[in-house]
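Every read-out reported here was derived from the displayed coordinates using simple, explicitly stated rules and does not represent laboratory data. Predicted model only: the values in this text are computed from it and were never measured. Cβ sites come from the backbone with ideal geometry, for glycine too, and all protein chains shown count toward neighbours.
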Amino acid sequence: MVEVFIAYEKRKADPRNLKAEAEANLSDPSTWGTYAIWITGGAGFAYIKNVIIEPKYRSGEWEEIHIPLPGAGMFGQNAADAALQSADTVSSVVDAASSAM
C-alpha cells in the first residue's frame with residue numbers, strides 16, 4: 001500500500017500528468033455541467049437574497065426569526081463571565097509586567 005501511494009505521489013508531481021489531466025477534465029461535458037450548476041446556483045442565491053428577501057426585511061414585512069431555547073441564557077452568561085475573568089487576568093498580568101520594567 002505504501003509503495004502504491006509513493007508511486008501515486010510521483011505521478012502527481014509530474015507536470016505532464018497534471019496538464020493531461022486538466023485537458024481531459026475540460027473536454028468532459030460533466031465538468032462543464034458542474035461549473036454551470038455552481039454558477040447558476042450562486043447567481044440564483046444572490047438574486048433571491050438581494051432582490052426578494054432583503055427588501056422584505058427592510059420594509060418590515062418580514063421580521064427576524066428568534067427561537068427561544070430553554071436555558072440558553074444561562075450558557076451565555078457563563079461564557080460572558082469566563083471571558084470577563086480572562087480579560088481581567090490578562091490585564092493584571094500586563095500591568096504587572098509593565099510596572100516591573
Problem set entry | Most fluctuating residue given options Ala22, Ala80, Ala46, as computed from a GNM of the chain linking Cα atoms under 10 Å | Ala80
For this session: For the chain, build the charge dipole from Cβ charges (+1 Lys, Arg; -1 Asp, Glu) around the Cα centre, then report which of Trp32, Ala97, Ile52 sits farthest towards its positive end.
Result: Trp32
Exercise. What's the long-distance tail for the chain, i.e. % of Cα pairs beyond 15 Å?
Worked result: 83
Exercise. Dipole magnitude of the chain about its Cα centre, charges +1 at Lys/Arg Cβ and -1 at Asp/Glu Cβ only, in debye to the nearest 20?
Worked result: 440
